[in-house]
Structure formats: C-alpha cells, structure tokens
1. Name the single residue, out of those in segment B:202-213 being open to solvent by 10 Å² or more (accessible area, probe 1.4 Å) and free of Cβ contacts under 8 Å to residues at least 60 places away in the same chain, that is farthest from the other protein chains (Cβ to nearest Cβ).
2. It is to be established whether one or more residues within segment B:59-67 are within 14 Å of chain A (Cβ to nearest Cβ), among the β-branched types (Val, Ile, Thr), outside any strand (DSSP E or B) and open to solvent by less than 20 Å² (accessible area, probe 1.4 Å).
3. Do we have B:Tyr107 as of a type in the set (Phe, Trp, Tyr) and either in contact (Cβ under 8 Å) with a residue 24 or more places away in the chain or away from every other protein chain (no Cβ under 14 Å) (or both) here?
4. So for segment B:134-143 (the condition being aliphatic (A, V, I, L, M) and under 27 Å from B:Thr61 (Cα atoms)), does at least one residue qualify?
5. Somewhere in segment B:17-26, is a residue within 13 Å of chain A (Cβ to nearest Cβ), under 24 Å from B:Leu139 (Cα atoms) and at pLDDT below 90?
6. Picking from A:Val66, A:Val103, which residue would you name as being assigned to a helix (DSSP H, G or I) and modelled with pLDDT under 90?
7. Looking at (1) closer than 30 Å to B:Val327 by Cβ; (2) small (Gly, Ala, Ser); (3) open to solvent by 50 Å² or more (accessible area, probe 1.4 Å), can you tell me which one B:Ser177 breaks?
8. Condition check: closer than 26 Å to B:Leu478 by Cβ, open to solvent by 20 Å² or more (accessible area, probe 1.4 Å), more than 14 Å from chain A (Cβ to nearest Cβ) and assigned to a helix (DSSP H, G or I). Does B:Val91 satisfy that?
Amino acid sequence: MMVATTAFYVFAAITIAAAFMVIAARNPVHSVLYLILAFFNAAALFVLIGAEFLAMILVIVYVGAVAVLFMFVVMMLDINFTELREGVLQYLPIGALVGVILVVEVLLVVGGIAVGPLSPDVAAAPAPMSSDVENTRALGQLLYTQYIYFFQIAGLILLVAMIGAIVLTLRQREGVRKQSIAAQNARTREDAVELVDIKPGSGI
Amino acid sequence: MMTTMPDLSPLYAELFLAGAALVLLMLGVFRGEQSARSISGFAVIALIATAGLVLAGGGETVTTFGGSFISDQFAVYMKVVSLLGAAMILVISGPYMQAEKMDRFEYPVLILLATLGMCLMISANDLIALYMGLELQSLALYVIAAFKRNSQRSTEAGLKYFVLGALSSGMYLYGASMLYGFTGSVGFEGIAQSAAAAEVSGGVVIGLVFVAAALAFKISAVPFHMWTPDVYEGAPTPVTAFFAAAPKAAGVALVVRVMIDAFGTMGPQWQQIMIVVSILSMALGAFAAIGQTNIKRLMAYSSIGHMGYALVGLAAGTVEGITGVLVYMAIYVVMNGGVWVCILSMRRAEGMVENIDDLAGLAKNNPTMAFALAVLMFSLAGIPPMAGFFGKFYVFMAAVDAGLITLAVIGLVTSVVGAFYYIRIVKVIYMDEPAAAFDAPASGGMRVVLLGSTAFTILFVVAPSSLVEVAGKAAASLF
C-alpha cells in the first residue's frame, strides 16, 4: 500500500509540474515535450487505479498521435509565439473566472448537488473488479459480442470518413511525369532507337 | 465465454445495402472514373432491391442485437419511402453530374451509405444505435454537400453543414448522457419504463429537450433551421434534391420513434415542444420564402414549412396523428422528386440557372413540364384535389381531434400565406414575358420520375385510402 501511495504522489506531482511547465515554458517545443511528460504520468496514474486500457489509449492516442501532431504544427508552421503571448495579462481575468467556475463545479459535484435523483440502476451498477478480469479483456469481450452491431456501424462510419477525405482532396494534377515500369519494360529496340541515314555535310 | 449469434434475419436488407455499397466502391476503385455511370445505375438497382427486401421481410415487430435494432411496420414503411426517395434522386442526378463533370463513382456510393444510415436510424431502438445511424447518414451528407470541389459555394455549404451538424450531434450526445444517467438505460423500452414512473426526474426532461433540439436540427425545424437555406443553395442541385427528400423522411421517422417509443408517457412534456417548433416552422416557411428569388433557397424554406406541417401530426400524439405524418412524408418525398426534376432541367448554354424569373415562358417552350410543375406547385401549396392537400388534411384533422384547434388554425393560415409563393411560380411560368428556353431536354430517367410524380400527385385523390391504410398500420405498430 505504501509503495502505491508513494508512486501516486510522485506521478501526480510530476503531472502537475509538467502541466505547469507546458504553459510556462518559453520555447514551444519544450511545451510540447512537457505535455508528453504530463501524458505519460497521467497514464501511470491510470495504471495505478487499475485502468490499464485507458493508460494504453492515452499513450497511443495522445502521445503517439496528438502530441506528435502538435510537434509538427509547432515546428512546421511559422507561428510567432512571443506575439501570441503578449495578450496574456489582458486575458488573465477571464482565465481566472473560468478557473473559479471550474472550482465551484467541482465543489458542487463533491457536495452531491443534483438536478434530480440519479437512476438507482446507474448508481448501483457494480463496477467490475479489476482482479477478476483485466479491463482490456473485459472491453474486448463486450465489444466483439454484445456490441458487435455498434462496432460494425462504427467501421462503416470510418469508411465514409475515408471516402470523404479522398473525394474532397485527391486531385489528378496535369503534367506530372510518373514512372511506368510496365511501359518501360515493354519498349522494344525498334520503339526506342531510330536509325537515320545522314548525308555528309547536312544536319537532321 | 460463449455467446450466441444474434438473429440477423431482421437485418437482411441493411446487410444487402452495406454489401452493395462496398462492392460498388471496389468496382469503382478498380474500374476508374469512367465507371461512374454504370455504378450509378447499379446503385439505383441496389436501392430498389433493398426496398424489395424490406417489404419481403414482412412487418412483424422483431428486435435483435439485444434490443438495439427493431423491425416493425413503421420501420418498413419509412425505409421504403427513404429508399425509393434516394433511388429517385440518384436517377435524376445523372445528367447534371455529367454536365458539371462531377460524375465520379463516389457519389452513388456515398448516397448508398447515407441511405444505409437512414435505414439504421429508422430501425434504431436505443440511443447508441440512433446516434450511429445518424452519424453514418450525416457524414456522408456533409461530403456530398461539398462534392463540387472547385465551387466555393459548395465547399462553404459542406463546411457549414459539417460544423453545425457536429454541434447538433454534441447536443444529442449531451441529452443522451442525461437520459442514461437519470433513467439507467439507453434502450427506448428502458427509458419508457423510467419515464412512466409517477415522478419523472428533472434530468430526464433536460435530456429530452436536448435530444429533441438535436433531432429538430436534423430535420431543419425552426429554431434550428439556420443552416438550411445556405446549404441548400450552395450544394450541387442533385445533392440539394437528395437533402430535401430522403433524409427528411428518415429524420421525421426518427423524431416520431423517439417521442412515441421512448417518451410515450411524457406526452405533455414533448408535445409543447413540438407545438412550438411546428408553429415556428410553418410560419417561417411561409413568410421567409416570399422574398426569395433563388428557387433552391425557396425550396429550402418550403422544406422548413413542410417539416412544420408534418410535426403538427406528431404534436397530436395519436395514432391518427402519426398516420398523418407518415402519409405526409410519403407524399412530400414524391412531390419533391418531380419539382427537382424541373429545377435540374433549368439549364441554358451558359450553365445552370437558379432564379425563379428564369422559369418565365416555360409554358411556351415546354408546355408539358410547365403543366407538371404547376400541378406540383399547387400540390405543395396544399390545394385540392392534389396529393399535397391530403397530406395536410390528415395532419390537421388529427390535430383537431386531439384538441389542438389553435395549432390547426395557425397551420391553415400559414398554408394560405405559403400558397402565395407557390402560385407566384405558376404565374411566372404561365403569364410572365417569356425568357430564353432551356436547352437539352431532360433524360429518360428524369422524364419517368417527373411523369410518375405528377401522375401520383393528380391521381392520389382517386384512391387515397390505400396509402392511408398502410400508413395507419405502420403508425399503429408504434403504440
């Protein structure tokens, strides 16, 4: 128990420190690197509470895709970050207001204030014990059996997204020279070489 | 852990449609751009075959996939309307797509996938299945709205539709999460059971309002209609025609199913929403259309108004009311097909024209089409003995029977106002100084659709009971 508690505090402290550095770092590339650090530590926190599937997703999706995408944006687009930073003081009150609202909301949730009584079914829904079956396996068992219908439609939706992306962006450019290996191999000596009999003293 | 295979038999039509879409996609990819015409033809055949399969599946109420998917008379009726509506639009879009050099094979494939989404959402029996179907449909629609890539207006239409559609999906999901939290179920039966309790919690009502708002957005009912005129005007004309037909029918089916199946016992709560939405839609559809000069924009406002009339039947909340809605949607889809054939024929040497004034002299240049368009306009206005009159008649009768006399009166007043701009088009066609003729007469497919649509509109009066009977059975299966 002691080890877990210590680990929790270490990961949590690093997460918060890294998150702070994301907004405090001067160099945007450093900001993104700190963001990746924060993601990794958040993933570790998920592992600690037994949600290893979420941890994997966090690493694969956020670190693997989103953060790398951020990195591309930061490094490939010519954005002047010092200029973006100039208005910080001006927007501080709004930021503070949003922060206060968030704190109040968290307090309301902790205080248990609700619009109406939560359905007893949801409230009493048993959380599966992580010791029985690890949650990746549990999710897989549900997803490919009980929810196969939704899984298949999700596949079709992704297919539509793919067709859409291709339809809306792929264009045949004029005047592009492409290599056609078949055409190259099919050339015979007769196609390629032309023998011209040139009389002495004249050009072609 | 062993699980039994879910019963796939209620799903055969959808499986066939999905398979057809995938096969045609492969065919298009391998055969290249020149295959667009044949793929479009195959897609029409696939849609009609799917409608046949839906009908062959019969109408007994079955659920499968743990109650996520339901097949009943109502689903059969609305699916057939949506599928045939989609097939009709695919038939009439061919010539436009070729003339504008947009005839790519992805268009029919996306239409098939959108129609598949419609079928899935019509048959949805829980909040997740509903959302998945809705997104499948919407995503395909966003893409085809922006299909004319080199046109700024089309791209703008696609982007606008996408951003606002994503917003409405967000509202839907928020409402759905509330419903799940406060009822403990995503299935419509489960929600209905919780909602039947003596004291309905406030969270359920909040969820209901959000879900209703998101669905009203999808059928472009006021006050969630803002995207409609811009998207209708900017999207390529056949795509606009598609938007106005099949997705509207499927969207209305969705609203009806959610309100009746899931919230049947909360009638007083959602009926007031529907009454307000329908009054606003009818009024905006009638008044805002008066000043329009572009016929696609005019049809956008007209569709908003028609959604208002359809919702009158839902607001009544009775079997008669739902029957009215079903009859209304079928007639609406058929009339729209004919009107859009005429709009798609508005082509001169310099390209497509979209102004109402350009129709002047149609009576002289093409008397047949002029007559057909006049008939359809009278029908859209709801003037007897055209089919459109019966659509309005059944919903208003149901509203009166349910004691919503004010609503019915407002509906009548707005239809009189709306009749003004429909009849103005007839006036432009027959009485105004003739403008230049349109060139290149319509293709065979377009002629068939126009003829069928006009004939249906005129001859509906002969035997209205046959459609009403079927719709009545479909409506009764919901209760």
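1. If we take residues in segment B:202-213 being open to solvent by 10 Å² or more (accessible area, probe 1.4 Å) and free of Cβ contacts under 8 Å to residues at least 60 places away in the same chain, then B:Ala213 is farthest from the other protein chains (Cβ to nearest Cβ).
2. So far as segment B:59-67 goes, no, none of its residues is within 14 Å of chain A (Cβ to nearest Cβ), among the β-branched types (Val, Ile, Thr), outside any strand (DSSP E or B) and open to solvent by less than 20 Å² (accessible area, probe 1.4 Å).
3. On the way: of a type in the set (Phe, Trp, Tyr): yes; either in contact (Cβ under 8 Å) with a residue 24 or more places away in the chain or away from every other protein chain (no Cβ under 14 Å) (or both): yes.
When the stated conditions are applied, B:Tyr107 passes them.
4. So in segment B:134-143, the residues aliphatic (A, V, I, L, M) come out as B:134, B:136, B:139-141, B:143.
The next check asks that each one be under 27 Å from B:Thr61 (Cα atoms); those that pass are B:134, B:136.
Yes, some residue in segment B:134-143 is aliphatic (A, V, I, L, M) and under 27 Å from B:Thr61 (Cα atoms).
5. Within segment B:17-26, not a single residue is within 13 Å of chain A (Cβ to nearest Cβ), under 24 Å from B:Leu139 (Cα atoms) and at pLDDT below 90.
6. On the way: A:Val103 fails: modelled with pLDDT under 90.
When all the criteria are applied, what remains is A:Val66.
7. In the conditions (1) closer than 30 Å to B:Val327 by Cβ; (2) small (Gly, Ala, Ser); (3) open to solvent by 50 Å² or more (accessible area, probe 1.4 Å), B:Ser177 misses (1) alone.
8. Values: closer than 26 Å to B:Leu478 by Cβ: no; open to solvent by 20 Å² or more (accessible area, probe 1.4 Å): yes; more than 14 Å from chain A (Cβ to nearest Cβ): yes; assigned to a helix (DSSP H, G or I): yes.
Criteria not met by B:Val91.
The values are calculated or read from the model by the stated rules, or taken from the named source; none is laboratory data. Only a predicted model underlies this, so the values are computations on that prediction, with no experimental measurement involved. Glycine also receives a Cβ, built like all others from the backbone with ideal geometry; neighbour counts cover every protein chain displayed. Remember, those area values only see protein heavy atoms, side chains included, never the ligands or the DNA or RNA. Shrake-Rupley method; radii C 1.70, N 1.55, O 1.52, S 1.80 Å.
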